[in-house]
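The values are calculated or read from the model by the stated rules, or taken from the named source; none is laboratory data. Everything numeric in this text was worked out from a predicted model, so none of it was measured. Here the Cβ is made from the backbone with ideal geometry for all residues, glycine too, and neighbour counts use every protein chain on show.
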Amino acid sequence: MASQPRGKVVIDPDECKGCGLCVESCPPECLVLAPELSKYGVHPARYTGQDCTGCGACFYCCPEPGAITVYRLKPPAKIVPTAVTQNAEVANEAAL
């Protein structure tokens, strides 16, 4: 995916037990199991930092409460071309 991320995932490695359910359920595939072990000897899930849609599928399938938090990001402001056209018309009328 090349679009702007619409969400962000924060995973607490101390809560994650490395089951991989979130990785398998993630539609945009933005979660992976970390190659390094946690202090509990498991490979915790990790957010890759891109492509999150903020759907929350990972949060809902996780068996550990508090291991995953999903934040929805505010979309960037859209530039409306009609507003520019209206301003140009007002300027033209003022010049007449």
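Just name the residue that is farthest from Pro65 (Cα to Cα) out of those in the range 1-41 that are without any contact (Cβ under 8 Å) to a residue 60 or more places away in the chain and of a type in the set (S, T, N, Q).
By that ranking, first place goes to Ser3.
I'm trying to understand the selection: among the residues of the range 45-70, which are farther than 10 Å from Cys30 by Cα and either exposed (fewer than 13 other Cβ atoms within 10 Å of the Cβ) or among the β-branched types (Val, Ile, Thr) (or both)?
Tyr60, Pro63, Pro65, Gly66, Ile68, Thr69, Val70
Condition first: out of contact with any Gly (no Cβ under 8 Å at 6 or more places or on another chain) and outside any loop (DSSP other than H, G, I, E, B). Now tell me which residues in the range 12-34 satisfy that.
Hits for the range 12-34 are Leu21, Cys22, Val23, Glu24, Ser25, Leu31, Val32.
This table checks each residue for (1) at pLDDT 95 or above; (2) touching a strand residue (DSSP E or B) at 6+ places or on another chain (Cβ under 8 Å); (3) part of a helix (DSSP H, G or I).
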position	(1), (2), (3)
Ser3	no, no, no
Val10	yes, yes, no
Asp51	no, no, no
Gly54	no, yes, no
Thr69	yes, yes, no
Pro76	no, no, no
Asn87	no, no, yes
Ala91	no, no, yes
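Tell me, which residue of the range 35-49 that is within 18 Å of the chain's Cα centre (by Cα) and either part of a strand (DSSP E or B) or among the small types (Gly, Ala, Ser) (or both) is farthest from Leu73 (Cα to Cα)?
Going through the qualifying residues, I end up with Ala45.
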